[in-house]
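Take a look at the structure below.
Values in this text are rule-based calculations from the coordinates and carry no lab data. Fair warning: this is a prediction, and the values are worked out from it, not measured in the lab. Using ideal geometry, Cβ is built from the backbone for each residue, glycine included, and neighbour counts are taken over all protein chains shown.
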Amino acid sequence: MTFIETLSMAWEGLKLNKVRSLLTTLGVIIGVASVILMLAVSAGAEATIADQINSLGADLVIVGPMRGSPGASKTFVYEDALAIEENVSHIVGVSAEQFSTQDIKGGDGALEAISILGVTSDFPEVRDYALATGRFFTYEENDRKTKVAVLGHGIAQDLFGGEDSFGREITIGATRLTVVGVMEEKGIVADVDYDGRVYVPITVLFQKFATTQVGSDRIRTAYVKVEGRDEIDGVMAQITSLLAERHGVDPGNPDFSVQTQQDIIATQEATTEAFRDLLAWVAGVSLLVGGIGIMNIMLVSVAQRTREIGLRQALGARPGDVRLQFLLEAVILSLVGGLVGVLGGIGGSHLFGVLGTMRTELVPASIPLAFGASAVVGIFFGYYPATQAARLDPIEALRRE
Amino acid sequence: MTAPAQDIILPDKDLLIETRELKKRHGEGEIAVHALAGVDLGIRRGEFAAIMGPSGSGKSTLMNILGCLDRPTEGAYYLDEENVSELSKNDLADVRNRKIGFVFQSFNLLSQLSALKNVMLPMMYRIEDRLDVFEREERAIAALESVGLGDRLHHRPTELSGGQQQRVAIARALVNDPVLLLADEPTGNLDTQSSYEIMELIHNLHDQGATILMVTHEPDIAAHAERVICLRDGLVVSDGQDGSTACLAQGGVQ
C-alpha cells in the first residue's frame with residue numbers, strides 16, 4: 001500500500017461525512033487564523049513603536065508629572081519648563097506641551113473637537129517638525145501671549161482649501177487668532193494625527209483654553225532636546241535635582257518623571273509583548289481545542305467504520321495500513337483547516353487594517369508556521385484514534401454491525 | 001534453534017490445509033471455554049468442503065483460524081505447507097491477502113466505492129509482486145467479467161441486487177489468485193434464485209480447480225460440497241462424502 005493510495009483512501013473516507021468533516025476543521029481554522037492575526041497585530045505594534053522612535057529622535061529627554069502619583073499632575077507647571085531652559089546646560093531647546101479640545105472656525109469652514117496643542121517656540125526644532133509655509137511663532141510672541149496660531153496641514157486644507165492662509169483669522173472657541181504658518185504634512189504617526197491639530201503659544205492656551213482650571217499653568221510634557229546623546233545622562237541628572245529642589249521633594253521619590261525615549265519604548269514594548277503573549281495563548285488554546293475536536297470525530301469515525309476496518313484487515317491490510325489511513329484522515333482535516341485558517345488570517349489582518357482598528361503587518365513566516373502547527377495538531381491528535389483502529393481485532397470488527 | 005527430531009512432522013504436500021490438535025481456548029482458569037478441543041483436519045488441493053455444526057460447535061472459531069483472522073491457542077495449522085499458527089499480525093495480514101479469498105454472508109462491500117474499486121482493494125494491500133494501477137484495473141475488470149458483471153463495473157453496491165453484490169465479493173475474493181476460497185454462509189442473505197446462481201458460480205470455480213471451504217447451516221447448500229465436515233463441542237464428529245445426513249444425525253444443525 002503506497003502513501004498516495006492511502007492518501008486517496010483517506011480522502012474517500014472523509015467524503016463519507018462532508019458536513020461533519022467541515023465542522024471538525026473549524027477549531028483548527030480559528031486557531032491558525034489567530035496565529036497569523038496575532039503575529040500581524042504584534043508586528044504592527046512594533047512598527048508603530050519604530051515610527052515613534054523616528055518621529056521623536058533619540059536625543060530627547062521627556063519630563064512629565066509622575067503618573068499615578070496623587071496630585072503630581074498639578075505640580076508640574078510651565079515655570080518648571082522655563083527653569084529647565086534657564087538652568088540646565090547642554091540642551092538645545094525645551095518644548096513644553098499642553099493640549100485642549102476646541103471647536104474652530106476660519107475661512108469658509110468650521111471644525112468640531114480639534115486638538116489645540118499649546119507649545120513653546122522651540123517646538124519645531126525639538127520635535128524635528130518643519131513648516132510648509134509661513135513661520136512658527138517666536139519666543140516673544142509666546143511670552144506676550146500673542147494670539148497667533150500655526151495650523152496642521154490637514155486643518156489648513158479643511159479651512160482654507162488651497163489658499164494661502166497667512167495672516168487670516170481663525171476662531172478657536174471664542175478667541176480670535178491670526179494664522180502665521182502651516183506645518184508640513186506629516187500624517188498619522190504612532191496614533192497621533194499631526195496634520196489634524198492646531199499649534200498655539202502655550203501661554204495663550206493657559207489663558208484661553210485651559211479646560212479644567214482656567215488660568216492653570218500645568219503642563220503635560222516637556223520635551224528637552226540635548227546637544228548629543230552623550231549629554232543625556234548629565235541632563236537627566238540636572239533636571240532631576242532642579243525639579244526636586246523646586247518641588248521640595250526627595251530626588252529618590254519624585255513627583256515627576258524624567259525619561260528618555262528608550263524608557264518609554266521599553267514600557268510600550270512590554271505592553272506589546274504582554275498582548276502578544278495573550279494572543280499566543282488564545283491561538284494555542286484554539287489549536288488545542290481544534291485538535292481535541294479532530295480526535296473526537298476520528299474516534300467516532302473509527303467506531304462507526306469498525307466493519308470497514310475489519311473487512312480491510314481480512315483483505316490483507318496490515319495494522320500499519322489501517323493506522324496510516326486514519327492518521328491521514330486526521331491530517332487532511334487539520335491541513336484543510338490550516339489552509340482555510342491561513343486565508344482567514346490574511347483576510348482578517350487585512351480587514352483590521354482597512355477598518356483602522358489596529359495596525360497590522362502580515363508576517364510572511366507566520367503562514368508556514370501556522371500551517372505546520374496545524375499539521376502537527378493533526379498528527380498528534382489523530383494518532384490515538386488511528387492506533388485504536390489499527391488495534392482492532394479483525395474478527396470482532398467484522399462481527400460488529 | 002532446532003526442534004527435537006521426533007517433533008518434526010513435515011506437512012503433507014497434497015494437503016492445502018492441515019491442522020494438528022488445533023485448540024482454541026477463550027478465557028483462563030475455571031471460566032475458560034474450549035471453542036476448539038483438538039481438531040485434526042486435512043483439506044486436499046482442489047477440494048470443495050463444507051463445515052457444518054450447531055451454533056457453539058466451534059465452526060466460526062475454526063473458520064477464523066483457517067482464515068488466518070485468529071491464532072490457535074495450541075496446535076499447528078499448515079496452509080499451503082506453511083505453518084501459519086505462529087505468524088505475527090503483519091505476516092497473517094499478508095497471508096490473508098495472498099492466499100485466502102473471503103466471501104461473507106453480508107457481502108461486506110464498501111458502499112462509497114464502485115464495484116471495480118471494491119475488487120481492486122485487495123491488490124492495494126499486496127506487498128509482493130505489486131501491480132500498477134492499470135494492471136490492477138485490468139485484472140479487476142477480468143474478475144468482474146468472470147462473475148458476469150462486466151457491465152456493472154462502475155455501479156455502487158447500493159445500485160446492485162444482493163446476488164450481484166455477492167458476485168462482486170467473489171470477484172474481490174479471486175482477484176489476488178488465492179489458494180483458498182473461504183465462504184462464510186455465502187447464500188445466507190440471498191433469495192432462492194440468487195442462492196442458486198451463487199452456488200453455480202462456486203461450482204464453476206471448483207471445476208476450474210479452486211479449493212473451496214464453506215461454512216453453512218443449510219443442508220441443501222452443504223449438499224453442493226463434495227465433503228461435509230461436522231463440528232460439535234469443538235470436535236469433528238463426522239467427516240464424509242455423504243452430505244449433511246451424518247451431521248443432522250448427530251443432533252441437527254442450526
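What spacing in nm lies between the two simple spin-label points modelled at A:D277 and A:V376, each 7 Å away from Cα in the Cβ direction?
2.0
Please give the Cα centre distance for segment B:52-100 versus segment A:95-118, rounded to the nearest Å.
Each part reduced to its Cα centre gives a spacing of 93 Å.
Longer than 23 Å from Cα to Cα, which of A:K186/A:K208; A:K105/A:K147; A:K74/A:K147; B:K23/B:K59; B:K13/B:K89 are they? Say none if no pair is.
In this structure, A:K186/A:K208; A:K74/A:K147; B:K13/B:K89 exceed 23 Å between Cα atoms.
In nanometres, what is the gap between the two model label sites at A:Q262 and B:H154, each 7 Å from Cα along Cα-to-Cβ?
Between A:Q262 and B:H154, the label points sit 7.5 nm apart.
Please state the charge dipole magnitude for segment A:141-190, taken about the Cα centre, from unit charges on C-beta atoms (+1 on K and R, -1 on D and E), reported in debye and rounded to the nearest 20.
In debye, rounded to 20, segment A:141-190 gives about 280.
Could you give me the radius of gyration and the Dmax of the protein assembly as shown, taking only the C-alpha atoms into account and expressing both in angstrom?
43.9, 131
Could you point to the residue in B:V133, B:A173, B:A183 farthest towards the positive end of segment B:119-254's charge dipole, with +1 and -1 charges on the Cβ of Lys/Arg and Asp/Glu respectively?
Projecting each Cα onto the dipole axis, the largest value belongs to B:V133.
For a quick protection proxy, order the peptides A:173-179, B:216-222 by their average other-Cβ count within 10 Å, most packed first.
Taking the mean over residues of other Cβ atoms within 10 Å, the ranking is B:216-222, A:173-179.
Going highest first, how would you order A:30-40, B:100-110, A:237-247 by mean Cβ packing within 10 Å? Intermediate values should be presented prior to the final figure.
Numbers: A:30-40: 26.6, B:100-110: 22.2, A:237-247: 17.1.
Highest to lowest by the protection proxy: A:30-40, B:100-110, A:237-247.
Per the protein assembly as shown: cysteines with no other Cys C-beta under 4.7 angstrom?
So, B:C68.
Rounded, prolate or oblate: which one fits segment B:65-120, using the alpha carbon gyration tensor with axes a ≥ b ≥ c (rounded when a/c is under 1.5, else prolate when a/b beats b/c, else oblate)?
Note, shape of segment B:65-120 comes out prolate.
First measure r as the distance between the Cβ atoms of A:L343 and B:D129, then evaluate 1/(1 + (r/R0)^6) with R0 = 41 Å and state the FRET efficiency to the nearest 0.05. Walk me through the numbers on the way to the answer.
Working: r = 45 Å, r/R0 = 1.09.
Between A:L343 and B:D129 the formula returns 0.40.
At a Förster distance of 30 Å, what's the computed FRET efficiency of A:R176 paired with A:V92, Cβ-Cβ distance as r, to 0.05?
Details: r = 33 Å, r/R0 = 1.10.
Between A:R176 and A:V92 the formula returns 0.35.
Using a ≥ b ≥ c from the Cα gyration tensor of segment A:1-48 (square roots of the eigenvalues), is it rounded, prolate or oblate, where a/c under 1.5 gives rounded and otherwise the larger of a/b and b/c decides, a/b for prolate?
Oblate, because a/c is 1.5 or more while a/b does not exceed b/c.
Which of these, A:R318, A:R220, A:R168, has the largest mean-square fluctuation under a Gaussian network model of chain A (Cα springs below 10 Å)?
Highest fluctuation among the options: A:R318.
Go through B:Q164, B:G101, B:S85 and say which Cα lies farthest out towards the positive end of the charge dipole of segment B:77-184; charges sit on Cβ, +1 for Lys and Arg, -1 for Asp and Glu.
Toward the positive end, the furthest listed residue is B:Q164.
Determine the distance separating the Cα centre of segment B:148-162 from the Cα centre of segment A:159-229; give it in Å without decimals.
One Cα centre to the other: 86 Å.
Can you find, among A:F352, A:V322, A:Y384, the residue farthest towards the positive end of the dipole of segment A:301-401? Put +1 on the C-beta of Lys and Arg, -1 on that of Asp and Glu.
Towards the positive end, the residue furthest out is A:V322.
Taking amide H positions as placed in the peptide plane 1.01 Å from N, state which residues far from A:V363 in sequence (5 or more) or on other chains have amide H under 5 Å from it.
Here A:A40 satisfy the definition.
Indicate, rounded to the nearest 5 percent, the antiparallel portion of the DSSP beta bridges found entirely in the protein assembly as shown.
Within the protein assembly as shown, antiparallel bridges account for around 70 percent of the total.
Over all residues in A:314-327, what is the mean tally of Cβ atoms on other chains that come within 10 Å of each residue's Cβ?
The shielding value for this peptide is 6.
Roughly speaking, what is the centre-to-centre gap between segment B:208-222 and segment B:108-134 when only Cα atoms are used, to the nearest Å?
Segment B:208-222 and segment B:108-134 have Cα centres spaced 25 Å from each other.
Please say if chain B is rounded, prolate or oblate, where rounded means a/c under 1.5 for a ≥ b ≥ c the square roots of the C-alpha gyration tensor eigenvalues, and otherwise the choice is prolate for a/b larger than b/c and oblate otherwise?
Taking the square roots of the gyration eigenvalues as a ≥ b ≥ c, chain B is oblate.
With +1 on each Lys and Arg Cβ and -1 on each Asp and Glu Cβ, how big is the dipole of segment B:127-254 about its Cα centre, in debye rounded to the nearest 20?
For this selection, approximately 220 debye.
If R₀ is 35 angstrom, what is the calculated FRET efficiency for the pair B:R45 and A:L16, using the beta carbon separation as r and rounding to 0.05?
Working: r = 41 Å, r/R0 = 1.16.
The pair B:R45/A:L16 has a calculated efficiency of 0.30.
Place a +1 charge on the Cβ of each Lys and Arg in chain A and a -1 charge on the Cβ of each Asp and Glu, then give the dipole magnitude about the Cα centre in debye, rounded to the nearest 20.
Value, rounded to 20: 2380 debye.
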